[in-house]
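Let me begin by presenting the structure, written as structure tokens, before commenting on it.
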Amino acid sequence: MRLGNSFRGNTGKKYMIRGKHDKTPAKDGIVKVQRFNEWFAESHSSLVCELKTKDIFNEDTLSETYLRMYESILYSGLDIDNYRSYFFRSFFTNYVQGNMKASRYCALSPNYDKPDMGGYNMEQEIQQKRLEEDIFDYVYDRYKIREFELFKMYVSLKPAINYDVLADITHLKAHQIQAIVSKIKKDVCRNHEFLQRRREVLMVC
């Protein structure tokens, strides 16, 4: 399963790897991070409220996003014009990656050790999971990384997310996102291999 920018699309971007960089604060880093801390303390309640409204609040992701921003500002001297906008973009990226990582692991059905009486079918679930992963790989290989990310965000987080929420987070127009997702969905639905496999696992295109 592809995860966002796991293999490409990072040209020109610089990431800090904790433990592998000099921990000396950048020039003006201390002053900048103090301003950031003041903003975060003042905005914490409203940030949490908005995330809960969007139904994507997660305490661990919130802490992780804060820490990453803190370190980037302190050690690399990152300049951020709009803390709120930057925070939500970072939070959503971390949130999506966390969900994608969690989706690799399948929780066992409560009835996994009982005879199949026409209810839960583990083999069917495995086939469906493989199909989903192959579809994501297909989209990753055929489309721009930004289009892939939008598609994966949309289908992975439904029904908690919609075009308007994605537009608010990515600063794209809702109709632009809808056009991208619809284009990819039509492409996938025209793929004969996926169509046959969907039929086998009782998925409707």
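No lab work stands behind these numbers, since they all come straight from the coordinates. Fair warning: this is a prediction, and the values are worked out from it, not measured in the lab. Note that each Cβ is placed from the backbone with ideal geometry, even for glycine, and that neighbours are counted across all protein chains shown.
Observations on the model:
- Between the alpha-carbon centres of segment 45-72 and segment 136-190 there is a gap of 23 Å.
- SER85-LYS186 pseudo-label distance in nm [points 7 Å out on the Cα-to-Cβ vector]: 3.2 nm
- As a calculated quantity, the FRET efficiency between VAL31 and GLN97 at R0 = 25 Å, using C-beta atoms, amounts to about 0.25.
- In nm, spacing of pseudo-spin labels at ARG199 and LYS52 (7 Å Cα→C-beta vector): 4.9 nm
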